[in-house]
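J.: So that we are looking at the same thing, I have put the structure below in structure tokens.
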């Protein structure tokens, strides 16, 4: 697809779209300036990279399988693998190609290690209607990217 807006916003536009879709975390490479610009936004999504993990109650989102705090019951490693797998409490997710999305059901017991109950890729039908809030978010993102592009040209 057309990703001109990613270049204009230094990758921030993709995070805004994922945030609009309700994602908790995404692996991204952001410059310190881009990360600082995002800090001023009211985003629910956490940008994760090698030096910026995200902790969300009992879940930890990391760029690689690393040691995490003891209260982290499930570590979600945001580095794609050939297949979805669970190594102790570190969940690695399979690479998914469009028009598919991945679904993983993980059971986290009170004691013991998490267990994958199901993992699958689901194909999005080509006639699936767009989600209105996401369409509005994409329109906003493209308008912001055009604004950033005009500011760069003015400088």
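J.: Short version: what are the Cα gyration tensor semi-axes of the chain, square root of 5 times each eigenvalue, largest first, in whole Å?
T.: Listed largest to smallest, the semi-axes of the chain are 31, 20, 13 Å.
J.: Can you sort 72, 6 from fewest to most other Cβ atoms within 10 Å of each residue's own Cβ?
T.: With the sparsest Cβ surroundings first, the list reads 6, 72.
J.: For region 128-155 and region 10-36, write down the distance between their C-alpha centroids in whole Å.
T.: One Cα centre to the other: 14 Å.
J.: Taking only the Cα atoms of region 29-72, how large is their convex hull per residue, in Å³?
T.: For region 29-72, the hull spanned by Cα atoms encloses 75 Å³ per residue.
J.: Let me ask you something else. Among 148, 61, rank each residue by its count of other Cβ atoms within 10 Å, from fewest to most, as a rough exposure measure.
T.: So the residues, fewest neighbours to most, are 148, 61.
J.: Please report, to one decimal in angstroms, the Kirkwood hydrodynamic radius of region 53-124 built from all distinct Cα-Cα pairs.
T.: About 12.7 Å for region 53-124.
J.: Which of 27, 117, 73 moves the most in a Gaussian network model of the chain with Cα springs under 10 Å?
T.: 117
J.: Compute the acute angle (0 to 90°) between the alpha-carbon long axis of helix 132-154 and the principal axis of greatest extent of the alpha-carbon atoms of the chain; round to the nearest 10°.
T.: Helix 132-154 sits roughly 50 degrees off the main axis of the chain.
J.: What order do you get for 16, 59 when you list them from fewest to most C-beta neighbours inside 10 Å?
T.: The fewest-first ordering by Cβ neighbours comes to 59, 16.
J.: Calculated from DSSP H runs of 4 or more alone, at -39500 (n - 2.57) each and per residue, what is the 222 nm mean residue ellipticity of the chain, nearest 500?
T.: Taking each H run of at least 4 residues, the total per residue is -9000 deg cm²/dmol.
Computed from the coordinates by the stated procedures, all read-outs in this text should not be read as laboratory data. Note that this is a predicted model, so its numbers are computed, not measured. A quick note on method: Cβ atoms are made from the backbone with ideal geometry, for glycine too, and the neighbour counts reach across all protein chains shown.
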